[in-house]
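Below is one structure, written out as structure tokens, with a few remarks after it.
The values are calculated or read from the model by the stated rules, or taken from the named source; none is laboratory data. This one's a predicted model, so the numbers in the text were calculated from it and none came from an experiment. Cβ: placed from backbone, ideal geometry, glycine included. Neighbour counts: every protein chain shown. Please note that ligands, DNA and RNA were not included when accessible areas were found on the heavy atoms of the full protein model with its side chains. Shrake-Rupley method; radii C 1.70, N 1.55, O 1.52, S 1.80 Å.
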Amino acid sequence: MKVSQETLDQVLAIALGAGEKILTVYESDIAVTTKDDDSPLTQADLAAHHHIVAGLKALAPDIPVLSEEDADIPYETRRQWTRYWLVDPLDGTKEFIKRNGEFTVNIALLDNGVPVLGVVHGPVLKASWIAAQGLGAWRIENGQKSAIRTRKSPARPALVVSKSHRDAALESFLEKMPEHDAVSRGSSLKFCLVADGVADLYPRTGPTSEWDTAAGQCVAEQAGAQVLVMPGLQPLRYNQKESLLNPLFVVIGDPSAGWADRLPKT
């Protein structure tokens, strides 16, 4: 599917607007409620959700939107979609509540299960990562737009891991890796660190939902990375089943480095 630069820029503008809505709440008292799955919900999530859905509907009225805050759409309906928007209005709500700035707005366009456009915006960081199939990937920071690429894996690689979801499976994974440095980040910023050539590998051993990953996956892949399901190492795809939970996956910055052969098989 061909995505235009104009469309990518328009989606970025929508994400920036959502970021402003989020910051309004971030700078005030944050009221937190709990969803049915025990995950936190704030007024910022909802304000960003409404802003993004309205913007995408105005941009492309015929393309359906699946947002974390409106995900109760039967699979019998979703399975008919060939193209749709996949949105996490505020990825990293726990980081938002902690006020550490490591949360993002995620907007992706999916075409037959493949993310072909991705926008990741960090409102506090004042930075955005954008990409589209056939166009490339960029970081926009302080008004400066720079093309980004993954890097060749160094002798001592850097792994980026979840800040709020470290578990025994991740610790076991890290123990089986060669000597490395490990850094923690919240939200889809982990994809962006690999895309930016700052980190070399992002293993995800804990649960994620499809809206958590699609935009970041597009950015990483268009910057040269692979996003592969573990342990089978097939490309991560979307809307293939009723559940919106992802399998375990790994983001490999340098596919030529032989990482696939060095990953734990279980």
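Computed quantities for the displayed model
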| item | result |
| --- | --- |
| Ala182 long-range amide H proximity, modeled H, under 5 Å | Leu159 |
| Dmax and Rg, reported as Rg then Dmax, of segment 156-266 (C-alpha, Å) | 12.7, 40 |
| Size of electric dipole in segment 68-136: Cβ of Lys, Arg +1 and of Asp, Glu -1, about Cα centre, debye, nearest 20 | 220 |
| Charge dipole (debye, nearest 20) of the chain; +1 at Cβ of Lys and Arg, -1 at Cβ of Asp and Glu | 780 |
| Accessible area per residue, Å², segment 1-52 with all protein chains present, probe 1.4 Å | 55 |
| Angle between the chain longest axis and helix 43-59 axis [Cα atoms, degrees, rounded to 10] | 80 |
| Cα-based radius of gyration of segment 56-156 once divided by 2.2 N^0.38 Å, which approximates compact folds | 1.25 |
| Principal-axis tilt of helix 5-26 within the chain, Cα atoms, nearest 10 degrees | 80 |
| Values of log10 I(q)/I(0), in the order q = 0.10, 0.13, 0.16 Å⁻¹, for segment 134-221 under a Debye, Cα-only, solvent-free model | -0.27, -0.45, -0.67 |
| Options Trp211, Pro154, Asn106, ranked by Cα towards positive dipole end of the chain, top entry (Cβ charges) | Pro154 |
| Calculated from backbone phi, Karplus (6.51, -1.76, 1.60) coupling profile of segment 131-148 in Hz, x at Gly/Pro | 7, 8, 4, x, 10, x, 9, 9, 10, 10, 9, 6, x, 9, 9, 10, 5, 10 |
| Positive-pole candidate from Leu170, Asn246, His180, dipole of segment 121-253, charges at beta carbon | His180 |
| Among Ala132, Val87, Tyr26 - extreme Cα towards positive end, dipole of the chain, charges at beta-carbon | Ala132 |
| Cα-projected label distance for Val198 with Glu20, points at 7 Å along beta-carbon direction, nm | 2.6 |
| Segment Ser146-Ile97, extension gain: residue separation times 0.36 nm, minus the distance between their alpha carbons | 14.6 nm |
| With every protein chain in place, the chain: carbon and sulfur % of accessible area (1.4 Å) | 50 |
| Relative contact order of the chain, pairs being alpha-carbon contacts under 8 Å that are 6 or more residues apart, as % | 17 |
| Pair-distance profile P(r), taking every C-alpha pair of the chain, with 10 angstrom steps and integer % | 7, 33, 38, 20, 3 |
| Difference of contour (0.36 nm per residue) and Cα-Cα distance, Asp72 to Val32 | 12.3 nm |
| Sequence-distant residues sharing a close amide H with Tyr84 (under 5 Å, placed H) | Leu110 |
| Size-normalised alpha-carbon gyration radius of segment 184-226, reference 2.2 N^0.38 Å | 1.05 |
| The chain - mean residue ellipticity at 222 nm from DSSP helices (-39,500 (n - 2.57) per run, n ≥ 4, rounded to 500) | -9000 deg cm²/dmol |
| Between helix 210-222 and the chain: long-axis angle, C-alpha atoms, 0 to 90°, nearest 10 | 60 |
| Diffusion coefficient, µm² s⁻¹, Stokes-Einstein with Kirkwood Rh over alpha-carbon pairs of segment 129-177 at 37 °C and 0.692 mPa s | 234 |
| Radius of gyration and Dmax over the Cα atoms of segment 103-163, both given in Å | 13.6, 37 |
| Using θ = phi - 60° and Karplus 6.51 cos²θ - 1.76 cosθ + 1.60, couplings along segment 181-188 (whole Hz; Gly, Pro as x) | 9, 10, 10, 10, 9, x, 6, 6 |
| Under 5 Å, built H, 5+ apart or other chain: amide partners of Ala137 | Ile148 |
| Check: segment 1-87 dipole with +1 on Lys, Arg Cβ and -1 on Asp, Glu Cβ, in debye | 460 |
| D_trans [Stokes-Einstein, Kirkwood Rh over alpha-carbon pairs] for segment 1-108, 10 °C, 1.306 mPa s, µm² s⁻¹ | 108 |
| Integer Hz, Karplus 6.51/-1.76/1.60 couplings in order for segment 224-233, x for Gly and Pro | x, 8, 10, 10, 10, 5, 9, x, x, 6 |
| Net charge, His51 excluded, C-beta distance under 12 Å - Lys, Arg +1, Asp, Glu -1 | -1 |
